[in-house]
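Written below as structure tokens is the structure these notes are about.
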Amino acid sequence: MKRGKATLALILLASLFLLPSLSAAGSKRTAPLKVGVLCPLSGPFAPGGKSFLRSVTLAAEEINEKGGVLGRPILLVTGDSEGKVGRARNEALRLVDSEGVKFLIGAYLSEETLGVVEVAAERKVLLLVPISATERITGLVRENPDRYSTVFRTGFSISRWAEMIARFISAQGSRKPAFLGTAIRWNRELAEKLEEVLSRQGIKLIIEDFYSPRRPVIKPILLRLALKKPDLIILGDPGKNSIQAVREMEELGLKTPILSVGGTLADERVAKDLSPKVPLYALAAAYRGASPEADRYFDAFRKKYGYFPSGYSDTLPGDALRILAGALQKAREWSPKSVASLLEKGTFPGVSGAYSFDESHQAEWGTPSLSGVVVRWEGSRFVPLKPEK
Amino acid sequence: MNILAQSLAGGFFLGISYAVLSAGLALTVNVVEIINLSHGAFYLMGAYLAYSASSFPGLSLLFLAASAAGPALLGLFIARTLVNPLRKDHFSIAVGTLGLAILFEQAADLLWGDRALSVHPGAPLGEILGVKIYPWHAGEILLSGAVFILFFLLPRTKLGLAMRVLAEDEEMAESVGINTNAVRATAFSLSCALASVAGFVSAPGLVLTPTAGRMPLIFALVIVILAGTRRLLPVAALSLGLGMVTFGLALATSAYVEYILLLTAVLVVVSVRRGGLFTLKIERDY
């Protein structure tokens, strides 16, 4: 009896020593994988930032439902960049240094992202850029591949955007396209690049004009534009003022088809309110009806948030997380460097298509596997145009 | 396309939307002697009500009445609880009305969301020299006419007279038995209602987001600073002139150069004539 009690005591004692180490091993296996998400959650760009976060959240839930990444659930750690460069950089540093994040997705504005790129280069964490389009990001990778080896852009670059728009212009047989945008750096760069791409096709933009993003007086510009009689208007403003531009075009009786770069006008709720009478096209990374993956994502998004996404800033950030999860599954380790070298070589599926990267770490948009999509407003919903042969 | 007619019409409608908004703000500055930084938020409140009204086409007039009555009552409440007690402390009243504006923006975010909304203008009523006239254009003309009639008749009423006396000399108003707090509250309430109705009528020409009231407020302030607050005619004339000049400058130069030129002009005028362009004599406190 005494011996039995002694054995039991010994077992209990041993288990006291063993338990912590066992639980530690278990927690290491199932400890969440922290992924930093940087976007403006307050300030003037908060609506875009919230869409960004919704997209990543949905992707994280999807991945976690399937068992996470190598058994580890994804835990999103957010940083509010507020649309400011300094704030974005400080938040990136906080996520990396205090939260121990090794993988970042963001930021939103090009200026913000350029600050975060430096943090990624200094701390050697992996940065996936889904929205910011400035050429400077991939330019840095091209100029100094060692320093920026862990920076990848999964979204459109300005060049790719311009190429896709030029392809649409060609497909529509337009010979007199005009560009109307908002006076922000991104729109000016896009107009410049589009002009360059079109000139290679022998097409000239007949007018390039910009309105103030804060106080848009658009009608006078539209009057100038009407005098030139364009056959297609490229509306470069991705924000709310694009609504006013379309409305005022109708007031002036302009019947010219419009291609919006996406964003606000690709939101079906906005288009329904607007009910445009002119042909309205919008560019998106993915759209309902374009592929079964897009259909699944759009339905899941609507189920969770109550509306269909617009297929860009509410879609690409989630794809960045899917690419990261795919690369980590292949790498079978948690080192940003290993994941980066896998991203350079492999192809990774997302809602918008299969992502692969060029030497500047730019996702290969405009290829058959990652084409982007042009949608057309059909009165009650957007319908994707059939891809060109 | 008739460019001249389109430009004149564009400038005219831009101008009258400024005029109605500025008239209400001028009333507050003149009688209550405060700058109400939540004036733009009341404008936006009316515009959001117009958006909600678009889901109930048969009840538009009811919503229009609500866009006047609701902000009027709210204005009365704010005047009694915030404006009257704090109005002599310029810093507190500025912070207080700014806080109200932010509160309204947050409320709009909760009620209507942060995405951009637009109100469909409906079918045009007709065309004049190639310019399409929509119901909201007619609404703006009617509203500005109503504001003119109101400001013409008001000084001929007991309330209007009390406002005038109060605007001239507060001590004198009190000495002749005018309830100055009640008069101020009524003026503030009327100004809030005017801003909201202006927003309701102009809604189809706006893009609605919770912060969309800020820019109209800046413009109303510019007009009130330049035109002075004592008379409606300079406010209306300047609003129309500004609408035309803005449109013309944007047509001739570019839409963002026009904004810079406009703000520069304001700075120059304010530095040269402290009381505004249309004040006959600069009033001095000493």
**Report entry** the range B:103-129 - residue that is part of a helix (DSSP H, G or I) and within 12 Å of chain A (Cβ to nearest Cβ) and, of those, surrounded by the most Cβ atoms within 10 Å (Cβ to Cβ)
**Finding:** B:GLU105
**Report entry** Scope the range B:130-164; condition at pLDDT 85 or above and not in a helix (DSSP H, G or I); matching residues
**Finding:** B:VAL131, B:LYS132, B:ILE133, B:TYR134, B:THR157
Query raised in the report: When you go through (1) in the same structural domain as A:SER174 (by TED's automatic domain parsing); (2) in contact (Cβ under 8 Å) with a residue 60 or more places away in the chain; (3) part of a helix (DSSP H, G or I) one by one for A:ASP273, which number turns out not to apply?
Result: (2)
Query raised in the report: Just wondering, is there one or more residues in the range B:222-229 that are within 13 Å of chain A (Cβ to nearest Cβ), crowded, with 18+ Cβ neighbours inside 10 Å and under 17 Å from A:TYR211 (Cβ atoms)?
Result: no
Requested in this report: State the number of residues belonging to the range A:79-103 that are farther than 17 Å from A:PHE52 by Cα and among the charged types (D, E, K, R).
Outcome: 6
Requested in this report: Please give the number of the condition A:ARG302 fails out of (1) surrounded by 16 or more Cβ atoms within 10 Å (Cβ to Cβ); (2) without any contact (Cβ under 8 Å) to a residue 12 or more places away in the chain.
Outcome: (1)
Report summary line: When every residue in the range A:134-156 that is surrounded by fewer than 24 Cβ atoms within 10 Å (Cβ to Cβ) and within 22 Å of A:GLU195 (Cβ to Cβ) is compared, the one modelled with the highest pLDDT is A:GLY139
Report summary line: Filtering the range A:197-209 for residues that are within 12 Å of chain B (Cβ to nearest Cβ) and modelled with pLDDT of 90 or more leaves a count of 0
Query - Where A:LYS34 falls short, out of the listed (1) touching a Leu at 6+ places or on another chain (Cβ under 7 Å); (2) closer than 21 Å to A:GLY262 by Cα; (3) among the basic types (Lys, Arg) - result: (2)
Report task. Could you grab me the full set of residues in the range A:78-106 that are hydrophobic (A, V, I, L, M, F, W, C) and surrounded by fewer than 19 Cβ atoms within 10 Å (Cβ to Cβ)? Result -> A:VAL85, A:LEU93
Report summary line: Among the residues of the range B:49-61, the number that are in a helix (DSSP H, G or I) and more than 17 Å from B:LEU73 (Cβ to Cβ) is 9
**Report entry** Selection count where residues are under 24 Å from A:LEU316 (Cβ atoms) and facing another protein chain (nearest Cβ under 10 Å), scope the range A:229-244
**Finding:** 5
Requested in this report: Take the residues in the range A:167-196 that are more than 22 Å from the chain's Cα centre (by Cα), crowded, with 20+ Cβ neighbours inside 10 Å and of a type in the set (A, V, I, L, M, F, W, C), then tell me which one is farthest from the other protein chains (Cβ to nearest Cβ).
Outcome: A:ILE169
Report summary line: Note on the range B:203-216: residues in contact with a helix residue (DSSP H, G or I) (Cβ under 7 Å, 6 or more places away or on another chain) and within 12 Å of another protein chain (Cβ to nearest Cβ) are B:ALA203, B:PRO204, B:GLY205, B:LEU206, B:VAL207, B:LEU208, B:PRO210, B:THR211, B:ALA212, B:ARG214, B:PRO216
Query raised in the report: Restricting to the range B:78-94, what's the tally of residues that are loosely packed, with under 13 Cβ neighbours inside 10 Å and in a helix (DSSP H, G or I)?
Result: 3
Query raised in the report: Only one of A:VAL383, A:VAL351 is touching a Lys or Arg at 6+ places or on another chain (Cβ under 8 Å), more than 26 Å from A:SER174 (Cβ to Cβ) and of a type in the set (Val, Ile, Thr); which?
Result: A:VAL351
**Report entry** Residue selected from the range A:253-265 under the condition within 12 Å of another protein chain (Cβ to nearest Cβ) and either buried (at least 22 other Cβ atoms within 10 Å of the Cβ) or not in a loop (DSSP other than H, G, I, E, B) (or both), by the criterion farthest from the chain's Cα centre (by Cα)
**Finding:** A:LEU265
Query raised in the report: Do you know which residues across the range A:272-283 are out of contact with any Asp or Glu (no Cβ under 8 Å at 6 or more places or on another chain), closer than 21 Å to A:LYS219 by Cβ and within 12 Å of another protein chain (Cβ to nearest Cβ)?
Result: A:ASP273, A:LEU274, A:SER275
Requested in this report: Provide a single number: the residues in the range B:55-75 that are over 17 Å from the mean Cα position of the chain (by Cα) and either buried (at least 18 other Cβ atoms within 10 Å of the Cβ) or of a type in the set (Asp, Glu) (or both).
Outcome: 1
Query - Any pair with Cβ under 7 angstrom, 6 or more apart, that starts in the range A:52-66 at a residue that is in the same structural domain as A:PHE308 (by TED's automatic domain parsing) and ends at one that is surrounded by 22 or more Cβ atoms within 10 Å (Cβ to Cβ) and of a type in the set (Lys, Arg) - result: A:ALA59/A:ARG322
**Report entry** Subset tally (residues that are closer than 17 Å to A:ILE323 by Cβ and assigned to a helix (DSSP H, G or I)) for the range A:38-57
**Finding:** 4
Report summary line: The lone condition A:TYR281 fails out of (1) assigned to a helix (DSSP H, G or I); (2) more than 22 Å from A:VAL37 (Cα to Cα); (3) among the aromatic types (Phe, Trp, Tyr) is (1)
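The values are calculated or read from the model by the stated rules, or taken from the named source; none is laboratory data. Just so it is clear, the model here is predicted, and its values are computed rather than measured. Because the Cβ atoms are built from the backbone with ideal geometry, glycine has one as well, and the counts that use them run over all protein chains shown.
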